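The values are calculated or read from the model by the stated rules, or taken from the named source; none is laboratory data. On a predicted model such as this, the values are computed, not experimentally measured, just so you know. Because the Cβ atoms are built from the backbone with ideal geometry, glycine has one as well, and the counts that use them run over all protein chains shown. Areas reflect the complete protein model, heavy atoms only, side chains present, ligands, DNA and RNA absent. Shrake-Rupley method; radii C 1.70, N 1.55, O 1.52, S 1.80 Å.
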Amino acid sequence: MTRDIILFTDLDGTLLDHHNYSFAPAKEAIAALKQAGIAWILNSSKTLAELCELRAELGQVDPVIVENGAGIAIPCNYRHRLWQLPDGDLHEQDGFLLKKTGRSRDEILQLLQPLKAHYRYTGFADMTTATLCELTGLPVGGAVKAMQRHFSEPILWQDSEQAYDAFVCQVEACGLSVLRGGRFIHIMGGADKGRAMQWLLAGYSHAGVGLMSVALGDSHNDLAMLERADIAVIVRSPVHAPPQLPDHPHLMLTEATGPAGWNRAVLEILNKYTRDRAGENNE
């Protein structure tokens, strides 16, 4: 029997162009997801403040996963035919029910403080808005929202690879985790995109129907999400090699980069889903 699709997607370099943050090449597939009534979850390193504005631009009404899985935000008025809120500690803020899945940013910064004297890197906590604009190409308003972090600390690594290996060991010894993203290295407090995805999937599975999870990402910090998905789509990047996921049974690698590759992969998956549904109805 054909299962209902729940789709999870990374943003920067995946649904959003690496250079200009445009999602224009993906509009056809976005429209198809909406028409099919498929829940599509933004699963990003971005903050909730950033995603609030982006959700409006995309017309996305489903939950979002923020800061690489460290927080989950469910719209207070969220309705979906498969959705039932799973158990968990939640609090209401700015029209969302928020779930914290890792340590707070303040705790992370406190644990990192002793390491700053031994390694060369610049964290968001050390940057001005102007510096972040220069590094990312974001407008001032976007940079301000990107710096409103609650669960993680992105850093710009400025030391050697040998020093990086030692840094990772020390960070992990503090009970934290390290994820390489497209531009920044993200210091996390025991959360990842895959665990957050699984928590949300539990909410959709309450409907008692079969689910097929689809995940799309372009970089190493998407692997935890891609590994747990029934169908994993690696979106080719214009600036780095695809992450390796050799043992996944249903893996796709796009030919086109960024949102153009995302668009083609999502349409291909939806077309197969529609054909399978039509075949079932004709039996």
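For the chain, the carbon plus sulfur part of the accessible surface works out to 49%, probe radius 1.4 Å. Within the listed set 54, 135, 82, the residue fluctuating most in the Gaussian network model of the chain (springs between alpha-carbon atoms under 10 angstrom) is 135.
Taking square-rooted eigenvalues a ≥ b ≥ c of the alpha carbon gyration tensor, is segment 210-253 rounded, prolate or oblate, where a/c under 1.5 means rounded and, failing that, a/b exceeding b/c means prolate? Let's see the in-between values first.
Working: a/c = 2.09, a/b = 1.95, b/c = 1.07.
Cα axes put segment 210-253 in the prolate bin.
With every protein chain in place and a 1.4 angstrom probe, the accessible-area ranking of 201, 51, 109, largest first, reads 109, 201, 51. Computed over segment 125-283, the P(r) curve from all C-alpha pair distances, binned at 5 Å from the origin, holds 1, 7, 13, 15, 18, 17, 13, 7, 4, 3, 1, 1, 0 percent per bin. So if each residue of separation counts as 0.36 nm, and I subtract the Cα-Cα distance between residue 113 and residue 31, what length gain in nm does that give? Net length gain for the segment: 24.9 nm. Legend: residue pairs 34/272; 100/193; 46/99; 27/100; 99/193; 46/100, Cα-Cα distance threshold 20 Å; pairs beyond threshold, 27/100. The packing ranking of peptides 69-81, 240-252, highest mean first, is 69-81, 240-252, where packing means the average number of other beta carbon atoms within 10 angstrom of each residue. Give the shape of segment 1-57 as rounded, prolate or oblate, defined through the alpha-carbon gyration tensor: a ≥ b ≥ c are the square roots of its eigenvalues, a/c under 1.5 means rounded, and otherwise the shape is prolate if a/b is larger than b/c and oblate if not. Because a/c hits 1.5 or more and a/b exceeds b/c, segment 1-57 counts as prolate. For the chain, the Cβ-based charge dipole about the Cα centre amounts to some 360 debye (Lys, Arg positive; Asp, Glu negative; other atoms uncharged). Taken along its three principal axes, the alpha carbon spread of the chain comes to 68, 40, 37 Å, from the longest extent down to the shortest. Descending by average beta-carbon neighbour count within 10 Å, the peptides 8-20, 207-219 line up as 8-20, 207-219, the highest first. Taking all protein chains into account, the per residue accessible area for segment 1-122 stands at 46 Å² (1.4 Å probe).
Oblate is the label for segment 95-189, because the ratio a/c of its alpha-carbon gyration tensor axes (a ≥ b ≥ c) is 1.5 or higher and a/b is not greater than b/c.
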